[in-house]
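Participant: First the structure, which I've put down as structure tokens, then a few questions once you've had a look.
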Amino acid sequence: MGKTHVLSLLATAGAELAGVAAPDIGPEVAELCRVAGAQVSDDVAGLLKSGLDAVVIATPTDTHVSLVEEAAAAGLHVFCEKPLALDVKQARAAVDACERAGVKLAVGHVVRYFPAYAKIRELVKRGEIGSPAMAKCRRMSGPPGEARGWYAEGLRSGGVITDMGVHDFDWLLWCLGPVERVSALVAERGAGQVAMVVLAHEGGAISSVELSWMDPTGFWTAVEVSGPGGLLSHDSRSSATFRFDQDPRSETGPPAVEVPVGEPLNDPYHDELADALAWFGGGPAPRVSPADAVAAVALAEAARRSASTRETVPLRSATP
Amino acid sequence: MAKLPVAMVGAGHVHAPGYLRWLSASPDVELVGVYDVDPARASELADSTGAPVLASVEACLSLARAAVVCPEPTRQFGLVQAVAGAGLALLVEKPLGVTPSESDALLGLSAKMPLSVALPVRYHPGATRLRRAAQDGSLGEAVAVWATNRNRFPGGWFADLSLAGGGCLLDHVVHAADLVGWIWGGSWASVRAEAGVLHHAGLPAEDTAMVLAERSNGMIVTIDPSMSRPDGMPGALDLTMRVWGERGVASVDIFAERVGVYDRTGRLRQELVGADMDGAMLGDWVRSVTADLSPPVPASEGFAATSLAFAAQQAVATHSAVRPV
């Protein structure tokens, strides 16, 4: 995600990329930084003290909270990749740290910025299908590649439920409201994982989230919401405006972690960051609040507990 | 070879007209008649198939060697009891009973006669291809199965609990559940489920549900049996499975073979084409009865698939995991 955010920052009017701190940024990002005149080092503390306004955190999930705390202590606004943390206690600690320091915290629940997901939510809220009854979210990818091995380490990424599922959990909370109960199952084979999570929302709606790190066809998502008044659906495969099936004999393999790539005209990754930066500068709040980010982590944590106990897990009001 | 004399005993189920059309056209079958509790319905069906109306279950017993039991679900148990012990071979519509005790009793009765359960999806090329991929090793060990068997709300007796005996869990869990058992063996270890009346206000039983189950071999299975498709939606009825195997992902879409028809105003409807799985099932059953073979889909297998639906109903009520019988 680091490269994605570097590109977004470079494309955002009014933002200036001051520097990147990372153990290894790769030749592409290094070149972007060189052209932009941004400093590159592995010294996080030094970068945070170099007179910034805000910082983007795009590191492995288990490092998010301590970095958010460090940035907040330095008086910087923070945009943190999703999920904010691996468990709700840590997520709250990150939010508290920002509140104490009087800095703003934005979290990269980018699905709210994907046009089809935003449109479906808008149609649901407008009453297009009546009271929403059922939703189904699907999010598939191949196994995380070896170059980004931390994804496959459950303790670092939270596995497929937390890393991938948190996108859909956030969107479902945004679209269908708080969740009362969670049931989940996960199966693993090597680095591959699949999971199914079923949510019972307050008011009765049922949603399900199908997640896979085992899809040999690569990344895709789909979503559907139905109700007494009709059905809304979207599938990234059938709405792709560009498709490139690479010759399998070609030497460049697929990327280590697949990220849907936005083009400048319609890039959710750019839009979420631009919204956050505008908020940091005194503009309106973005679509995702810190409380939303905590609620999504709480749901992911409950789903993982349900998958390991094989029981249904009740949630106290997911939105604090 | 002499034709097999077959009667239809109970014809209120939505599958009855299709079965009757096949039976009346088959060169291997002599359709001796149709009995239904509603004589008007029996004569309507008789008119369209040329089979006589039979006035009583007893009349079926004297004329037929085999019977298709295809009534509304709550009438199934009584009719099977009425013909049990008369030496007829039976093909019984799914689910097998509408309560666990009925299902138990039907399993017991099946010891007295060859009883096959109507689970036609086993005969569909999508299902047989999946079974082959599972058995020849090309899929590798199957880790998870995600199935949907959704529909629009069918209306009719589905809105009457005294005839339907349940909601979409009872009606639409069994097909996918049966395919899993048929293809991979083993048994159901645990199930959780959520359900509600969420798409069609006023229904007496759930029209929306999600089932989350585990097999004895550790495979995880989910089934969506909801009547969540809008009326008139093209392709409203589906039966899909996505199977996550160690060596790849297999996808089945039983009703995928269809032709899109756009009318003058651009409105789309779809004409289903492709395999006649009901006919394949009936043909196999007729052959098994004629040749005195064991039932193609034994009661025990229909029982296992139906038991998942009962356990899911219980899991909905208790908000906790239930172990199917």
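Participant: Given B:27, B:17, which one is without any contact (Cβ under 8 Å) to a residue 40 or more places away in the chain and part of a loop (DSSP other than H, G, I, E, B)?
Facilitator: Numbers: B:17 fails: part of a loop (DSSP other than H, G, I, E, B).
From the options B:27, B:17, the qualifying one is B:27.
Participant: Out of curiosity, is residue A:167 more than 7 Å from every other protein chain (Cβ to nearest Cβ) and either over 21 Å from residue B:225 (Cα atoms) or open to solvent by 30 Å² or more (accessible area, probe 1.4 Å) (or both)?
Facilitator: Yes: the conditions hold for residue A:167.
Rundown of residues vs (1) of a type in the set (Phe, Trp, Tyr); (2) buried (at least 20 other Cβ atoms within 10 Å of the Cβ); (3) modelled with pLDDT of 95 or more, yes/no style:
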site	(1), (2), (3)
B:34	no, yes, yes
B:46	no, yes, no
B:68	no, yes, yes
B:80	no, yes, yes
B:84	no, no, no
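Participant: Still on this structure: Identify all residues within the range A:170-189 that are under 21 Å from residue B:192 (Cα atoms), modelled with pLDDT of 95 or more and open to solvent by less than 20 Å² (accessible area, probe 1.4 Å); write none if there are none.
Facilitator: Those that are under 21 Å from residue B:192 (Cα atoms), modelled with pLDDT of 95 or more and open to solvent by less than 20 Å² (accessible area, probe 1.4 Å): A:172, A:179, A:182, A:183, A:184, A:185.
Participant: Among the listed residues A:112, A:156, identify the single one that is touching a Phe, Trp or Tyr at 6+ places or on another chain (Cβ under 8 Å) and at pLDDT 95 or above. Explain how you work it out, then say what you get.
Facilitator: Working: A:156 fails: at pLDDT 95 or above.
Within the list A:112, A:156, the selection yields A:112.
Participant: For the range B:231-244, name all the residues that are at pLDDT below 95 and either crowded, with 17+ Cβ neighbours inside 10 Å or within 8 Å of another protein chain (Cβ to nearest Cβ) (or both).
Facilitator: Scanning the range B:231-244 gives B:233, B:236.
Participant: Let me ask something else about it. Of the residues that sit in the range B:245-257 and are in contact (Cβ under 8 Å) with a residue 24 or more places away in the chain and in contact with a strand residue (DSSP E or B) (Cβ under 6 Å, 6 or more places away or on another chain), which one is nearest to the other protein chains (Cβ to nearest Cβ)?
Facilitator: Per the stated criteria, the residue is B:246.
Participant: So which residues in the range B:108-166 are under 17 Å from the mean Cα position of the chain (by Cα), of a type in the set (S, T, N, Q) and buried (at least 23 other Cβ atoms within 10 Å of the Cβ), if there are any at all?
Facilitator: B:116, B:149
Participant: Among the strands (runs of 3 or more DSSP E) contained in the range B:61-178, which hold 2 or more residues that are touching an Asp or Glu at 6+ places or on another chain (Cβ under 9 Å)?
Facilitator: On the way: elements: B:66-69, B:89-93, B:115-118, B:142-148.
Hits in the range B:61-178: B:66-69, B:115-118, B:142-148.
Participant: Something else: Answer yes or no: is there a residue in the range A:194-206 that is within 11 Å of chain B (Cβ to nearest Cβ), small (Gly, Ala, Ser) and assigned to a strand (DSSP E or B).
Facilitator: Within the range A:194-206 (the criterion being within 11 Å of chain B (Cβ to nearest Cβ), small (Gly, Ala, Ser) and assigned to a strand (DSSP E or B)), the answer is yes, since at least one residue qualifies.
Participant: OK, next. Is it true that residue A:242 is under 26 Å from residue B:245 (Cα atoms) and modelled with pLDDT under 95?
Facilitator: no
Participant: Among the candidates A:204, A:192, single out the residue that is at positive phi and open to solvent by less than 40 Å² (accessible area, probe 1.4 Å).
Facilitator: A:204
Each row is one residue, and each column tells you yes or no for (1) surrounded by fewer than 16 Cβ atoms within 10 Å (Cβ to Cβ); (2) at pLDDT below 95.
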residue	(1), (2)
A:4	no, yes
A:8	no, yes
A:15	no, yes
A:23	yes, yes
A:31	yes, yes
A:41	yes, yes
A:65	no, no
A:71	no, no
A:83	no, no
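Participant: Search the range B:258-283 for residues being among the charged types (D, E, K, R) and in contact with a strand residue (DSSP E or B) (Cβ under 6 Å, 6 or more places away or on another chain), and hand back the single one that is most open to solvent (accessible area, probe 1.4 Å).
Facilitator: If we take residues in the range B:258-283 being among the charged types (D, E, K, R) and in contact with a strand residue (DSSP E or B) (Cβ under 6 Å, 6 or more places away or on another chain), then B:269 is most open to solvent (accessible area, probe 1.4 Å).
Participant: Continuing with this model, one more query. For residue B:188, only one of the following conditions fails: (1) within 11 Å of another protein chain (Cβ to nearest Cβ); (2) open to solvent by 10 Å² or more (accessible area, probe 1.4 Å). What is its number?
Facilitator: Failing condition for residue B:188: (1).
Participant: For a quick check of your reading of the model, give me the residue pairs whose first member lies in the range A:115-134 and is within 12 Å of residue A:227 (Cα to Cα), whose second is open to solvent by 60 Å² or more (accessible area, probe 1.4 Å) and among the charged types (D, E, K, R), with beta-carbon atoms closer than 9 Å and at least 6 apart or on different chains.
Facilitator: A:128/A:122
Participant: Take residue A:87 and decide whether it is farther than 15 Å from residue A:18 by Cβ, open to solvent by 30 Å² or more (accessible area, probe 1.4 Å), in contact (Cβ under 8 Å) with a residue 40 or more places away in the chain and touching a helix residue (DSSP H, G or I) at 6+ places or on another chain (Cβ under 9 Å).
Facilitator: Here the answer is yes, as residue A:87 does meet what is asked.
Participant: Every residue in the range B:46-70 that is among the β-branched types (Val, Ile, Thr) and farther than 23 Å from residue B:287 by Cβ, please.
Facilitator: Across the range B:46-70, the qualifying residues are B:53, B:57.
Participant: Within the range A:28-47, which residues are part of a helix (DSSP H, G or I) and either of a type in the set (A, V, I, L, M) or more than 25 Å from the chain's Cα centre (by Cα) (or both)?
Facilitator: Listed by number, the residues that qualify are A:29, A:30, A:31, A:32, A:34, A:35, A:36, A:44, A:45, A:46, A:47.
Participant: For the range B:301-325, give me each residue that is of a type in the set (A, V, I, L, M) and closer than 19 Å to residue A:181 by Cα.
Facilitator: B:311, B:312, B:315, B:316, B:317, B:321, B:322
Participant: Same structure again: Those residues that are open to solvent by 10 Å² or more (accessible area, probe 1.4 Å) and of a type in the set (Gly, Ala, Ser), I need them from the range A:264-306; list them, please.
Facilitator: Correct list: A:274, A:278, A:281, A:282, A:283, A:285, A:289, A:291, A:298.
Participant: What are the pairs, 6+ residues apart or on separate chains, where a residue within the range B:309-325 that is farther than 17 Å from residue B:208 by Cα has its Cβ under 7 Å from a residue that is in a helix (DSSP H, G or I) and aromatic (Phe, Trp, Tyr)?
Facilitator: Pairs that qualify, where the first residue is farther than 17 Å from residue B:208 by Cα and the partner is in a helix (DSSP H, G or I) and aromatic (Phe, Trp, Tyr): there are none.
Participant: Just one of B:297, B:286 is farther than 30 Å from residue B:322 by Cα, open to solvent by less than 40 Å² (accessible area, probe 1.4 Å), in contact with a strand residue (DSSP E or B) (Cβ under 7 Å, 6 or more places away or on another chain) and hydrophobic (A, V, I, L, M, F, W, C); which is it?
Facilitator: B:286
Participant: Applying the selection to the range B:201-218, what residues are open to solvent by 20 Å² or more (accessible area, probe 1.4 Å) and either over 16 Å from residue B:160 (Cα atoms) or at the interface with chain A (Cβ under 7 Å from one of its Cβ atoms) (or both)?
Facilitator: Within the range B:201-218, B:201, B:216, B:217, B:218 meet the criteria.
Participant: Just the residues that are outside any helix (DSSP H, G or I), at negative phi and not aliphatic (A, V, I, L, M), please, taken from the range B:35-58.
Facilitator: Restricting attention to the range B:35-58, the residues satisfying the condition of being outside any helix (DSSP H, G or I) are B:35-38, B:50-56.
Narrowing further to those that are at negative phi: B:35-38, B:51-56.
Passing the criteria: B:35, B:36, B:38, B:52, B:56.
Participant: Quickly run through the range A:215-229 and pick out the residues that are in contact with a helix residue (DSSP H, G or I) (Cβ under 9 Å, 6 or more places away or on another chain) and within 8 Å of chain B (Cβ to nearest Cβ). Let's see the steps before the verdict.
Facilitator: Initially, the range A:215-229 is screened for residues in contact with a helix residue (DSSP H, G or I) (Cβ under 9 Å, 6 or more places away or on another chain), giving A:221, A:223-225, A:227.
Within the range A:215-229, A:227 is the sole residue that qualifies.
The values are calculated or read from the model by the stated rules, or taken from the named source; none is laboratory data. Nothing here was measured: the structure is a model prediction, and the numbers come from that model. As a convention, Cβ positions derive from the backbone with ideal geometry for all residues, glycine included, and neighbour counts pool all protein chains shown. These area figures cover heavy atoms from the full protein model, side chains too; ligands, DNA and RNA do not enter into them. Shrake-Rupley method; radii C 1.70, N 1.55, O 1.52, S 1.80 Å.
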